[in-house]
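Trainee: Sending over a structure as structure tokens; questions will come in a sec.
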Amino acid sequence: MYVYDPERYALYASRFTAAADSTIEHLLSSPSSRPDLTTASSYAGRAPQNYSEQLACFIGSTFILGSTVLDKPEYLTHGLEFSEFCANGYRYAPSGIGPVVYSWNLTELARPEFANQTEFYEKSGWFINDNTAFGQGLTPEAIESWYYAYQVTGNQYWRDVAWAYTLAQNRTERVGSGFSSLTNILQEDGGGWSNTMQSFFLAEVLKYQYLVQAPEGKKGEWDVEYAPDGVGNGNVNYWVYNTEAHPMRVRAKTPV
């Protein structure tokens, strides 16, 4: 809302800054087996928990957008770290599709029902701590963050990460009438299908997958971080996307 109208919704910028700064101060966490990875953990009361979810993978895009809109370079650093944490989730899942939940809680890993993931945790930095959460539901949050990461940095790496997801998705989730969520992302073939395709898959996943690979000549037409003199330079927000990735034209700015 602040991007949409900075004057009318100035309060939202200050509230976002307070939340972002608090996250950086209190919730940053790295798995013991992968200190090269950093994300924001969840919390219970005042105690941080070594746990996150696929739905939280949008935090990368949130920090990246905040970095350009509020001129906070430090937010970009954290936003890219958060985006990489989720990229790592998709990279290490045998199906190429990231998990619904991420845990790096060693106490839980020692429990008999999760101990068979110990070797996997040593390589990946995460394991699934819920025996009902081995499936995946065509969620958009990670690809959203990779899109913002590419928009702001211009680094081909983020396109490659997004493309690997697209290939995995077509290999494991495509069915005769569309795409289906999987039943076990820790199996190379996805373990089968749940025969469910949510509407946000069309509104968000496919949109971000297209935009991150779109030809450079189309920049500024729909991109949320348009760079007049090239990707990653002098970004201007002519559009802002809402939670379900529907584009809203920013007030008082004329799109190119």
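Every number here is computed from the coordinates shown, using simple stated rules; none is lab data. All values derive from a computational prediction rather than experimental measurement. Here Cβ is always computed from backbone atoms with ideal geometry, including for glycine, and neighbour counts include all displayed protein chains.
Trainee: Taking θ as phi - 60°, what are the ³J(HN,Hα) couplings along segment 73-85 by the Karplus curve (6.51, -1.76, 1.60), each to the nearest whole Hz, with x for Gly and Pro?
Mentor: For segment 73-85, the Karplus-derived couplings read x, 5, 5, 4, 4, 5, x, 5, 4, 4, 5, 5, 4 Hz, x marking Gly and Pro.
Trainee: Across segment 99-105, in residue order, what do the Karplus-derived ³J(HN,Hα) couplings come to in whole Hz, using 6.51 cos²θ - 1.76 cosθ + 1.60 with θ = phi - 60° and x for Gly and Pro?
Mentor: The phi angles translate into x, 6, 10, 10, 10, 10, 8 Hz.
Trainee: Let me ask something else about it. So what's the gap between the Cα centers of segment 107-169 and segment 27-94, to the nearest angstrom?
Mentor: 12
Trainee: Give me the angle, in degrees from 0 to 90, between the Cα long axis of helix 59-69 and the longest principal axis of the Cα atoms of the chain, rounded to the nearest 10.
Mentor: 20
Trainee: Just to be sure I understand: if I project the alpha-carbon convex hull of the chain onto a plane and average over all orientations, what area do I get in nm²?
Mentor: The number I arrive at for the chain is 14.1 nm².
Trainee: Kindly provide log₁₀ I(q)/I(0) values, in the same order as q = 0.25 Å⁻¹, from the Debye equation applied to equal alpha-carbon scatterers of segment 127-213.
Mentor: -1.23
Trainee: If you don't mind, another one. What residue among Gly89, Gly45, Gly234 has the largest mean-square fluctuation in a Gaussian network model of the chain, using Cα springs under 10 Å?
Mentor: Comparing Gly89, Gly45, Gly234 in the GNM, the peak value goes to Gly45.
Trainee: Can I ask one more? Which peptide among 130-143, 6-19 comes first, and what is the full order, when sorted by highest mean count of other Cβ atoms within 10 Å?
Mentor: 130-143, 6-19
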